[in-house]
1. Mind ordering B:37-45, A:163-171 by average Cβ neighbours within 10 Å, highest first?
2. Could you work out the pair-distance distribution P(r) of the range A:289-346 from its alpha-carbon pairs, with 10 angstrom bin width and percents rounded to whole numbers?
3. Which whole-number percent gives the relative contact order of chain B, counting Cα pairs below 8 Å spaced six or more residues apart?
4. From Cα pairs below 8 angstrom and at least 6 apart in sequence, can you work out the relative contact order of the range A:59-177, rounded to a whole percent?
5. Output the 0 to 90 degree angle, nearest 10, between the alpha-carbon long axis of helix A:339-353 and the longest principal axis computed from the alpha carbons of chain A.
6. Just the number, please: percent antiparallel of the DSSP beta bridges in the range B:38-158, rounded to the nearest 5.
7. Run the numbers on chain A and let me know its relative contact order in percent, using alpha-carbon pairs under 8 Å that are six or more apart.
8. Antiparallel as a % of all DSSP beta bridges within the protein assembly as shown, to the nearest 5?
């Protein structure tokens, strides 16, 4: 059983309440940071921990913090990205709903490091009831002297506010989030300038994911070097995985990144296997944007090694034979599922969520949705598959923000690995309406020719 | 009004434009579940904004209803993970039961069906949002119970 740093207290009754959270050792990181460390020392610990952004991109958090510009007399902001909207991802919701004080504690410590006196949580609008939970936690923290003026008598001031979005996936992109927080449409900004220089209201800003900020708590409590000992290689610490789809035990799991994908899917400690005697057909291991893999490539890399649940191993083989850790949204498809239909629902999602600024994404996502629906309904032509490939190539890399890439990758990977399932739809226009393609060869061992 | 003032206090002075999204949520809740032009103009006046600054926001975000909706809105998620767990059947069952397709409202004005994209409840699929809360692990029986619950609530209030 792996180490748990974030969810180890999740099952303590009433951990949502301040008194219980504090009794269980909560807010120690704030005491330690504010009383015995300088802001730069806190940043240094986060750097040493090797913590990588948990929102999806995996950028080193300490490095992001060190980019923050610090001009005299200009306020700086920490904004927590709680706009969790990537299909398959529901880990931040779990954390905020059940252990809200962990986020608040992480925010106080992080805000101190960054010199922010006013920090925001930008939460997706649909998580309306969680706003109440967070505001209650903030009030409790303020009543107990962890927020407000002169915290712990150190002279440091901080207020935390919760801002609700209103239904827009794009606001998970940090510059779109800042636009939205300024009361505008969520259109991503052109970078540079980066938020670290010109962010919220043109002031230096750090935007971090909920889980990233929560991880600062154990990093400060135990020290960056101790944190870095957990995990493997550049995948340090623990990661929350939200598992869903066709598995026996969907839910949020904290892993220490040393277990294999196979163990994660089949062990009773985690997903508990595939229900109804079905077989594993495919999986999207890191949220809908990352490449889907057939069962064989999911469990074993192209080198023939066991694939592990960490940043490097999930990405092993690049996009040709690998995928990504992404946001940790782990979507499992059994052999009764249709990859074409699943890809269609994702394409529809991205069309719906495109902000419309860049033509390749605005137009391309709509085209991909329509063509995928045609193929799914048995009205596709063979040339449509090539057309889909062509469109996704023309979206990728040609947009202001990564939503274009995020829309292109799932379509590209579905065709790359499941092309014969697409062709079967085209060749069997009536049969494909009655039944699905099934498992076929997708779980068969792969023999790669040895390279000289 | 107190709530509007509380929201405006979240931002530095002169940045009350940031309040437009939360205040629109409030307005939609207070004015019948949707945003009319009059309502949006009112929000603009509260925040000292030009009406267009409110319209452009209201039309961008999918949670704002720009047309009247039923008293209860069933927002059924239909994205990948929910689809894998049978969200299509839930949408169809609601149609069979209430006679409304996505985007339609029952003639008695009680129910609106809307299909939405991923709401972050993938592990508890299929699901829908109704008002402030999620209804998860949906089955036909659960849909029956929710419809019953809504009708009872209305009967009690009358």
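1. Numbers: B:37-45: 16.4, A:163-171: 25.2.
Highest mean packing first, the order is A:163-171, B:37-45.
2. 23, 53, 24, 1
3. Numbers: 202 pairs, mean separation 27.7, N = 158.
Once divided by the residue count of chain B, the mean separation gives 18 percent.
4. On the way: 166 pairs, mean separation 35.9, N = 119.
With pairs under 8 Å counted, the relative contact order is 30 percent.
5. That works out to roughly 50 degrees.
6. Details: 6 of 12 bridges.
Antiparallel bridges: around 50 percent, rounded to the nearest 5.
7. Once divided by the residue count of chain A, the mean separation gives 16 percent.
8. On the way: 24 of 50 bridges.
So the antiparallel bridges in the protein assembly as shown amount to around 50 percent.
Each value in this text was obtained by applying a stated rule to the coordinates, not by laboratory testing. Note that the structure is a prediction, hence the values are computed from the model and not measured. All Cβ positions, glycine included, derive from the backbone under ideal geometry; neighbour counts span all protein chains shown.
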